[in-house]
Amino acid sequence: MFSYQQARELVILRTTALSREAQTESISLLKALGRILAQEILTDRDYPPFDRSIRDGYAVSAVDTQPGATLRCVGELKAGDTPCMRVEPGTCIQIMTGAALPEGADAVIMIEHTQRSGDAVTLDRAVPPGQHVVPRGSEQSAGKTVLVKGTRLGFAQVAAAAQVGAAQIAAYRKPRVAILSTGDEVVEFASTPGPFQIRNSNSVSLAAKVTGLHAEAILLGNAKDTHDDLRAKISAGLAADALVLSGGVSAGKYDLVEPVLREFGAETVFDAVAIRPGKPVVFAVCQGKPVFGLPGNPVSTMVTCDLFVRPAMEILSGAAPTPVPFLEAVLTERMQEKPGLTHFLPAFLEFGDHPRVTPLRWQGSGDVIAMSGANCLLVIPPDRETIDAGERVHVLPR
Ligand code: AMP
Ligand code: MG
């Protein structure tokens with residue numbers, strides 16, 4: 001049986017091999033957060049475009065400055081003004097943050113280091129050339145790369161694109177991900193279940209996750225545990241860029257997902273991973289598409305989605321897969337788990353200088369309510385049967 005790291009590596013390898021250069025679309029920068037850039041973005045001019053003052057004070061020639069020196073203030077420059085006056089020897093110009101340094105000046109002395117009386121400005125110190133000035137082009141010169149193709153656009157990246165005037169950008173098209181739950185007992189989440197039926201929470205958690213990963217979720221509803229219904233709905237799902245199923249992958253008599261996928265020519269890459277919850281997880285390649293058969297217990301569905309679906313979504317989006325974002329925390333109570341499997345347990349992480357993590361009481365992998373109170377998964381490695389309070393453990397924030 002594969003470890004989760006090996007299984008993840010297989011998902012990454014196989015999905016990378018499948019994904020052709022994703023299609024691109026032109027989108028408004030305001031809709032671009034989280035998307036993957038499909039073009040290079042260049043500076044349209046020097047940055048800063050002029051020698052920029054980064055303090056409120058006086059533009060001076062550094063050679064004129066010394067403690068006790070008095071300069072005559074001959075004007076004022078605020079941000080946006082065109083500097084048309086020169087700083088001649090013995091003079092200065094009042095300047096605001098963001099304004100362009102005038103000719104003849106090479107430094108700014110902060111207002112706090114001066115005293116003003118009429119147009120006389122007395123300095124309490126000398127300043128070196130370049131003080132509080134960011135020279136033109138020092139951040140980046142015109143025509144240079146700001147953002148490379150393949151960058152995921154976070155808030156700083158959209159700000160950089162905005163600064164250089166990239167109002168419309170080319171982004172990779174979002175992958176379309178079909179989501180199909182399975183099970184005779186499963187009813188639509190908006191309906192009232194019979195006494196022994198359950199509402200479909202998996203399609204909702206999967207759609208939420210996939211949408212959060214900047215893919216487009218296509219909800220195909222629920223398939224009954226019959227060959228015919230599974231066949232029809234899997235066939236529809238294979239029209240998308242990827243298919244994610246929940247349920248029907250264990251060893252039960254009505255767990256038919258794998259056999260039906262095989263009818264479509266699927267190659268099973270793995271159908272068990274040494275984790276709990278989520279051990280019977282299936283990853284297959286079918287008609288050139290990645291297909292995930294996630295175990296139906298809702299916490300298993302969420303854990304396996306985080307571990308295995310996520311890197312595939314990143315690759316199909318045109319991005320490099322990101323490593324599992326583990327943090328370290330101190331365990332607050334002793335734990336004992338079955339060795340041989342990596343456990344991912346709902347837990348509560350207290351952030352701060354010394355993060356602490358406490359496992360939550362839960363009733364196993366069907367316990368969505370316990371999971372909804374968790375802000376992380378606590379990771380117990382397969383070679384540890386017990387971990388003592390006070391030991392450092394890995395957690396996966398959610
Ligand atoms: P399965 O993997 O099909 O054996 O399902 C395992 C457990 O997960 C069963 O108790 C199911 O009722 C539950 N389950 C399966 N599908 C869903 C779903 N879509 N939403 C919520 N629970 C589900
Ligand atoms: Mg089932």
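With a simple spin-label model that places each label point 7 Å from the Cα along the Cα-to-Cβ direction, the separation between residue 145 and residue 187 comes to 5.7 nm. Computed from backbone phi, the HN-Hα couplings of region 174-187 come to 5, x, 9, 10, 7, 10, 9, 8, 9, x, 5, 7, 8, 10 Hz, rounded to whole numbers (Karplus: 6.51 cos²θ - 1.76 cosθ + 1.60, θ = phi - 60°; Gly and Pro given as x). Each Cα pair under 8 Å and six or more residues apart adds its sequence gap; the mean of these over the residue count of the chain is a relative contact order of 16 percent. If the chain linking residue 324 and residue 353 were pulled fully straight, counting 0.36 nm for each residue of separation and taking away their Cα-Cα distance, it would gain 8.3 nm. Taking 7 Å steps out from each Cα toward its Cβ at residue 13 and residue 125 produces label points 6.0 nm apart. Heavy-atom accessible area for residue 103, with the other protein chains in place and a 1.4 Å probe, reaches approximately 120 Å².
Rounded to whole numbers, the Karplus 3J(HN,Hα) couplings from phi for region 15-24 are 5, 4, 5, 7, 7, 6, 3, 5, 6, 10 Hz, using 6.51 cos²θ - 1.76 cosθ + 1.60 with θ = phi - 60°, and x at Gly and Pro. Distance between the C-alpha centres of region 335-350 and region 1-65: 36 Å, rounded to the whole angstrom.
Legend: calculated FRET efficiency, residue 23 to residue 385, from the Cβ-Cβ distance at R0 = 45 Å, rounded to 0.05, equals 0.35.
Does region 1-131 classify as rounded, prolate or oblate by the C-alpha gyration tensor (a ≥ b ≥ c root eigenvalues; a/c under 1.5 gives rounded; else a/b over b/c gives prolate, otherwise oblate)? Judged from the Cα gyration tensor, region 1-131 comes out prolate (a/c at least 1.5, a/b above b/c).
Ignoring lysines fewer than eight residues from residue 174 along the same chain, the ones with Cα atoms less than 23 angstrom from its Cα are 31, 149, 209, 233, 289.
For the chain, a Gaussian network of Cα nodes joined below 10 Å ranks 239, 178, 215 by mean-square fluctuation, and the top entry is 239. With the highest mean first, a sort of the peptides 166-174, 390-398 on other beta-carbon atoms found within 10 angstrom per residue produces 166-174, 390-398.
Per the Debye formula on identical point scatterers at the alpha carbon atoms of region 356-398, with no solvent, log10 I(q)/I(0) at q = 0.21, 0.23, 0.30 Å⁻¹ is -0.79, -0.91, -1.20.
Calculated [222 nm] ellipticity per residue, helices only, for the chain: -5000 deg cm²/dmol; basis is -39500 (n - 2.57) per DSSP H run with n ≥ 4, divided by all residues, nearest 500.
Protein heavy-atom accessible surface, 1.4 Å probe, per residue over region 247-323: 32 Å². Along its three principal directions, the equivalent ellipsoid of the chain from the Cα gyration tensor extends over semi-axes of 59, 26, 17 Å, largest first.
3J(HN,Hα) along region 346-363: x, 8, 10, 9, 9, 6, x, 5, 10, x, 10, 10, 10, x, 9, 5, 8, 9 Hz, from the Karplus curve 6.51 cos²θ - 1.76 cosθ + 1.60 with θ = phi - 60°, whole Hz, x for Gly and Pro. Think of each Lys and Arg Cβ as +1 and each Asp and Glu Cβ as -1; about the Cα centre, that makes the dipole of the chain roughly 560 debye. For residue 35, the residues whose modelled amide H falls within less than 5 Å of its own, excluding neighbours fewer than 5 places apart on the same chain, are 153. In terms of the mean number of neighbouring beta-carbon atoms within 10 Å, the peptides 314-327, 51-64, 349-362 order highest first as 51-64, 314-327, 349-362. Structure remark: mean-square fluctuation, Gaussian network model of the chain, C-alpha springs under 10 Å; the largest value among 256, 13, 294 belongs to 13. In whole Å, how far is the Cα centre of region 254-322 from that of region 231-246? Measuring centre to centre over Cα atoms gives 12 Å.
Computed extension gain for residue 84 through residue 333, at 0.36 nm per residue and net of the alpha carbon distance, reaches 82.7 nm.
The values are calculated or read from the model by the stated rules, or taken from the named source; none is laboratory data. What you are looking at is a predicted structure, and each value in this text was computed from that prediction instead of being measured. FYI the Cβ positions are ideal-geometry reconstructions off the backbone, even for glycines, and counts take in every protein chain you see. Please note that ligands, DNA and RNA were not included when accessible areas were found on the heavy atoms of the full protein model with its side chains. Shrake-Rupley method; radii C 1.70, N 1.55, O 1.52, S 1.80 Å.
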